[in-house]
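The values are calculated or read from the model by the stated rules, or taken from the named source; none is laboratory data. Not measured: the values here are computed from a predicted model. Glycine also receives a Cβ, built like all others from the backbone with ideal geometry; neighbour counts cover every protein chain displayed.
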Amino acid sequence: MAIAARKTKAGAPAKAAAKAPAKTAAKSTPKGAAKAIPNVPTFTKEEELHAYREMLLIRRFEEKAGQMYGMGLIGGFCHLYIGQEAVVIGMQMASKDGDQVITGYRDHGHMLACGMESRGVMAELTGRRGGYSHGKGGSMHMFSREKNFYGGHGIVGAQVSLGAGLGFANWYRQDGRVSMAYFGDGAANQGQVYESFNMAQLWKLPVVFVIENNRYAMGTSVNRASAQTDFSKRGVSFGIPGEQVDGMDVRAVREAASRAIEHARSGKGPYILEMQTYRYRGHSMSDPAKYRSKDEVQRMREEHDPIEQVRGRLTREHKLGEDEFKAIDAKVREIVNDAAEFATHDPEPDVSELWTDILLEPAQA
Ligand SMILES: Cc1ncc(C[n+]2csc(CCOP(=O)(O)OP(=O)(O)O)c2C)c(N)n1
Ligand SMILES: [Mg+2]
């Protein structure tokens, strides 16, 4: 469930940002906040509040999913998005209703950002009938045509070709939509990514390729796996423009996203955004993350946390008080607890469901 009104979310602030010359953020570096980046636009109080609420919802949802996994309520794989929240929220703030999102298996945050219900996502994690795939898909396999979320894919890189396909459909229908295909630094080394880049640029498809560079692909760091670690350059041989973005700063993400989406929507073709981000948890719930030091994780949390950055600005620049933060936190916890409660008590799918949703019946085709 969205905590802020969905209809007012994205388009308006993004459009304003695209048209008006952006005011830039103060250059001082407050204690505990990320280093100030020149030319990062300022957000209004409403935009900061929106980003704060939406990112906090993802964080608390993921923490709860982690707890429920530990309690044995969630089976199979479960990949948490904690630390990367600013990427999908900043992108959504620049998108319009109707734009599509497709991603890999680290997908709960994207679903919530698209406005899918917390209850339906959590109930899918626990395999219950109220889940988005009626409890038969689990963490990596949820979809919502209504919210333009196209999965949820367990095959690394598959979503890139499918995302280009969504772009092709948009182009074919001339419906003004843009598809946003998210994938990781590891997935960026897949062959099909480059076949998709080629076709997307050849046909000038409205696609934004969002590379979430969280520095690791399972236990392998980018430096050990990638000959070119500047992922914004991965489209150079196809003539696709790209840029590197501080993916921990929601303002920088929204700013770059506005440029990229505008480029794609106006018929100029695809655009690559490398989001420099970080995952705090292991690759999946079963990963003890021994390939990196605790200090490295701690430093990212203390110096770059996307939610703390917004909280700091709301406190300093918009004078938000403790009581107001507590009220937001309470509302978010209420949504997440309600989802967990529902996902714990909703019944499992009926056995007869084993035979449904397997083949598309001719009548449905
Ligand atoms: C085609 C394919 N190869 C390998 C795997 C196993 N696998 C699952 S996740 C993953 C790492 C991907 O890392 P990255 O793209 O950086 O995304 P992140 O997990 O960091 O979000 C691998 C190798 C898979 N699911 N599919
Ligand atoms: Mg990665």
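Evaluate the following for residue 210: is it within 13 Å of ligand 1 (Cβ to nearest atom), at pLDDT 95 or above and not in a helix (DSSP H, G or I)?
Yes; evaluated as a whole, the condition is true for this residue.
Counting only residues that are under 15 Å from residue 340 (Cβ atoms), surrounded by fewer than 22 Cβ atoms within 10 Å (Cβ to Cβ) and of a type in the set (A, V, I, L, M, F, W, C), how many does the range 68-89 have?
Qualifying residue count, the range 68-89: 3.
Being out of contact with any Asp or Glu (no Cβ under 6 Å at 6 or more places or on another chain) and in a loop (DSSP other than H, G, I, E, B) is true for just one of 196, 237, 286. Which residue is that?
Answer to the check: 286.
Sort out which residues of the range 213-234 are among the hydroxyl-bearing types (Ser, Thr, Tyr) and outside any loop (DSSP other than H, G, I, E, B), and write them in order of number.
Those that are among the hydroxyl-bearing types (Ser, Thr, Tyr) and outside any loop (DSSP other than H, G, I, E, B): 216, 220, 221, 232.
Please verify whether the range 125-144 includes one or more residues that are charged (D, E, K, R), surrounded by fewer than 22 Cβ atoms within 10 Å (Cβ to Cβ) and not in a loop (DSSP other than H, G, I, E, B).
Checking the range 125-144: not a single residue is charged (D, E, K, R), surrounded by fewer than 22 Cβ atoms within 10 Å (Cβ to Cβ) and not in a loop (DSSP other than H, G, I, E, B).
Which numbered condition trips up residue 188, out of (1) aliphatic (A, V, I, L, M); (2) closer than 25 Å to residue 176 by Cα; (3) part of a helix (DSSP H, G or I)?
(2)
Filter the range 168-222 down to residues that are over 15 Å from the mean Cα position of the chain (by Cα), surrounded by 24 or more Cβ atoms within 10 Å (Cβ to Cβ) and within 16 Å of ligand 2 (Cβ to nearest atom), then give me how many there are.
1
Could you go through the range 350-358 and let me know if any residue there is under 25 Å from residue 216 (Cβ atoms), without any contact (Cβ under 8 Å) to a residue 24 or more places away in the chain and part of a loop (DSSP other than H, G, I, E, B).
So far as the range 350-358 goes, no, none of its residues is under 25 Å from residue 216 (Cβ atoms), without any contact (Cβ under 8 Å) to a residue 24 or more places away in the chain and part of a loop (DSSP other than H, G, I, E, B).
Can you tell me how many residues within the range 233-260 are under 30 Å from residue 314 (Cβ atoms) and either more than 16 Å from ligand 2 (Cβ to nearest atom) or not aliphatic (A, V, I, L, M) (or both)?
Residues in the range 233-260 being under 30 Å from residue 314 (Cβ atoms) and either more than 16 Å from ligand 2 (Cβ to nearest atom) or not aliphatic (A, V, I, L, M) (or both): 16 in total.
Those residues that are outside any strand (DSSP E or B) and more than 15 Å from the chain's Cα centre (by Cα), I need them from the range 262-279; list them, please.
Within the range 262-279, 262, 263, 264, 265, 266, 267, 268, 269, 270 qualify.
Look at residue 159 and say whether it is within 16 Å of ligand 2 (Cβ to nearest atom), outside any strand (DSSP E or B), in contact (Cβ under 8 Å) with a residue 24 or more places away in the chain and polar (S, T, N, Q).
In short, yes.
Filter the range 76-98 down to residues that are part of a loop (DSSP other than H, G, I, E, B) and of a type in the set (A, V, I, L, M, F, W, C) and give me whichever is farthest from residue 282 (Cα to Cα).
Among them, the one singled out is 77.
Being within 19 Å of the chain's Cα centre (by Cα), surrounded by 21 or more Cβ atoms within 10 Å (Cβ to Cβ), assigned to a loop (DSSP other than H, G, I, E, B) and away from ligand 1 (no atom under 14 Å from the Cβ): is that true of residue 116 here?
Criteria met by residue 116.
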